[in-house]
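The values are calculated or read from the model by the stated rules, or taken from the named source; none is laboratory data. Quick caveat, the model's predicted, so the values are computed rather than measured. Cβ atoms come from the backbone with ideal geometry, glycine included; neighbour counts cover every protein chain shown. Surface areas here come from the heavy atoms of the whole protein model, side chains and all, with no ligands, DNA or RNA. Shrake-Rupley method; radii C 1.70, N 1.55, O 1.52, S 1.80 Å.
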Amino acid sequence: MAFVPHPLDRPRSSLQLEREPLNDGGQGVVTRLVGPQDVVYKEYLKSAGTVNGQALAGLVEFGARLPHDDQKRLFFSCAWPTARIVEGNRAVGFLMPEVPDEFHDLIQGRPRLVELQFLLFPQKRAWQELRLPDLEGRIQLARRFAELVDFLHGHQYVIGDVSARNLLWSTHEPYKVHILDCDGFRRLGAESVLKQAHSPDWEDPLEPPTGPDLDTDRYKLALLIGRILARNAYVRPGGELPLLPGLPDDLVGRVRSTFARAAGPVGTRPSAREWARVIEGREWIAVSRPPVRPRPGPAISSPPRQRASQPTLPRITGRTPFPTSPPVAERKWIPVSPAGTTARLARPVPQAGITRPGNTVRAPEPVQTPVRGHGLGQKVVESAAYADQRVSILAKITDQQMVLLLDGLEQAAGALSVKQAARLISEPEDRTRLLIGEARKLLDVEGISVLVLKDGDKTLDLNIALLVEQFLEDEG
């Protein structure tokens, strides 16, 4: 793959680094930049393999283009790449925010990262200084992890490697969480920066040959929540879940039931949003979710905004070894490629955002004839998410035309010419292009495109899997 420069690239020669590294891991060395920037640099080791520079640029672009509140959340909760570092025509590493001070504490008399592993075993003498959460604190942390995974999945990012070493938590209320090694994430359907990390004791038995996907993440989230609330590093769905005594009875019932469902086949595992609601105590109707399919990542486009510097953090080094306890196994590295798909998927285009009407909300155009059929189009039009879109977005396409269009695309595996689409909805080609644009407005959720015109507006692509995720996932 040819090297493509990115606006936020920085040459390796421009970095001023401290002499001692913060951490030396399996893929790279992390070193703090000199000065009050609270920024660190991860340089890849030669043994890590070939770096996919375009995938790394995609991570940088995503973070830089987020709305302010989401960007602030991402950079606080994730060690997210903010700039590629290049030498000549290759990426050799990246910059990222330093782990915030909240995720350090004294362990054996030294400030260390507070890793998930300390929640999974009974406390040992060697780390008795560490302030462990009570039962309510564990419940809060389990929910925070579920909310973070839901945030990432909402942007179609696969985490892949969930383990006791790359998840951090704060020791004070309100409890917060943080995730490391975010350069290992990949956009659903896109390639990863390096070989996918794989932590023993956290494997998904149903992981596809192509590597982790959103459904694999859901299984690992069940491991994470079950292990936090059981204080047991080895429980798995399908086996007994001996939760800690003292947890509320209603929560115990909900967690055990949801945890058991994670042992089910692909497409039935509880989502991160479901876990958050289960822990919170809100009612959730279980649904059968289709297998996860990939969608392409965003294109690299115009220069994004630079992130403003944050206050300087205390200089704390090193990842925490786990003293005098069962060892946490080292991660292995396995190849990963985009998962296969049975449908032709749409390539999303940049969106300015969802169009919202002003103070006056006009009702959608009435359907001229009854909508019939039980295909994808009918299900989408009858969904609560679609009804919400209809109320808030002015669109000239009728519900019947939407049903016909979606059903036709489903039967054609997600791809049609505009000429074929025009015949489906009985409209001239020029007006069909206009109505497709209207359909796109109704089907785009939070700026994520499901329906795309391509090839000079001659062909139409539908990301069927993403459409189902957005509109039908929560339907009872």
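Looking only at segment 128-148, decide whether some residue is more than 30 Å from Asp249 (Cβ to Cβ), touching a residue at least 24 places away in the same chain (Cβ under 8 Å) and in contact with a helix residue (DSSP H, G or I) (Cβ under 7 Å, 6 or more places away or on another chain). Write out each step before concluding.
Within segment 128-148, the subset more than 30 Å from Asp249 (Cβ to Cβ) is 128-129.
So of that shortlist, the ones also touching a residue at least 24 places away in the same chain (Cβ under 8 Å) come out as 129.
Retained after the next criterion (residues that are in contact with a helix residue (DSSP H, G or I) (Cβ under 7 Å, 6 or more places away or on another chain)): none.
No, segment 128-148 contains no residue that is more than 30 Å from Asp249 (Cβ to Cβ), touching a residue at least 24 places away in the same chain (Cβ under 8 Å) and in contact with a helix residue (DSSP H, G or I) (Cβ under 7 Å, 6 or more places away or on another chain).
What is the residue count in segment 129-168 for residues that are part of a helix (DSSP H, G or I) and in contact with a Gly (Cβ under 7 Å, 6 or more places away or on another chain)?
Residues that pass the stated criteria total 1.
Looking at segment 88-140, which of its residues are modelled with pLDDT under 90, within 30 Å of Leu17 (Cβ to Cβ) and open to solvent by 20 Å² or more (accessible area, probe 1.4 Å)?
Selection gives Leu106, Gln108, Gly109, Arg110, Pro111.
Results for (1) within 16 Å of Val380 (Cβ to Cβ); (2) modelled with pLDDT under 85; (3) assigned to a loop (DSSP other than H, G, I, E, B), shown as yes or no for each residue.
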residue: Arg423; (1), (2), (3): no, no, no
residue: Ile436; (1), (2), (3): yes, no, no
residue: Leu466; (1), (2), (3): yes, yes, no
residue: Gly476; (1), (2), (3): yes, yes, yes
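What are the pairs with Cβ atoms under 6 angstrom where one residue, in segment 243-260, is in contact (Cβ under 8 Å) with a residue 40 or more places away in the chain and the other, located anywhere, is assigned to a helix (DSSP H, G or I) and surrounded by 13 or more Cβ atoms within 10 Å (Cβ to Cβ)? Sequence gap at least six, or different chains.
Between residues of segment 243-260 that are in contact (Cβ under 8 Å) with a residue 40 or more places away in the chain and residues that are assigned to a helix (DSSP H, G or I) and surrounded by 13 or more Cβ atoms within 10 Å (Cβ to Cβ), the close pairs are Gly246/Leu135; Leu247/Leu135.
Name every residue in segment 79-95 that is touching a Cys at 6+ places or on another chain (Cβ under 8 Å) and under 15 Å from Gly58 (Cβ atoms), in order of residue number.
Of the residues in segment 79-95, the ones touching a Cys at 6+ places or on another chain (Cβ under 8 Å) are 79-81.
Selection gives Trp80, Pro81.
Please state which one of Ile159, Ile179 is in contact with a Pro (Cβ under 8 Å, 6 or more places away or on another chain), within 21 Å of Ala48 (Cα to Cα) and at pLDDT 95 or above.
Ile159
Could you pull out every one of the strands (runs of 3 or more DSSP E) wholly within segment 34-103 that has 2 or more residues that are closer than 15 Å to Phe185 by Cα?
Working: elements: 39-44, 83-87, 90-97.
Correct list: 90-97.
Taking the stated definitions as given, is Ala363 modelled with pLDDT of 85 or more, surrounded by fewer than 17 Cβ atoms within 10 Å (Cβ to Cβ) and not aromatic (Phe, Trp, Tyr)?
Working: modelled with pLDDT of 85 or more: no; surrounded by fewer than 17 Cβ atoms within 10 Å (Cβ to Cβ): yes; not aromatic (Phe, Trp, Tyr): yes.
No; evaluated as a whole, the condition is false for this residue.
Would you point out the residue of segment 370-417, among those that are farther than 14 Å from Arg440 by Cα and β-branched (Val, Ile, Thr), that is surrounded by the most Cβ atoms within 10 Å (Cβ to Cβ)?
Here the residue is Val371.
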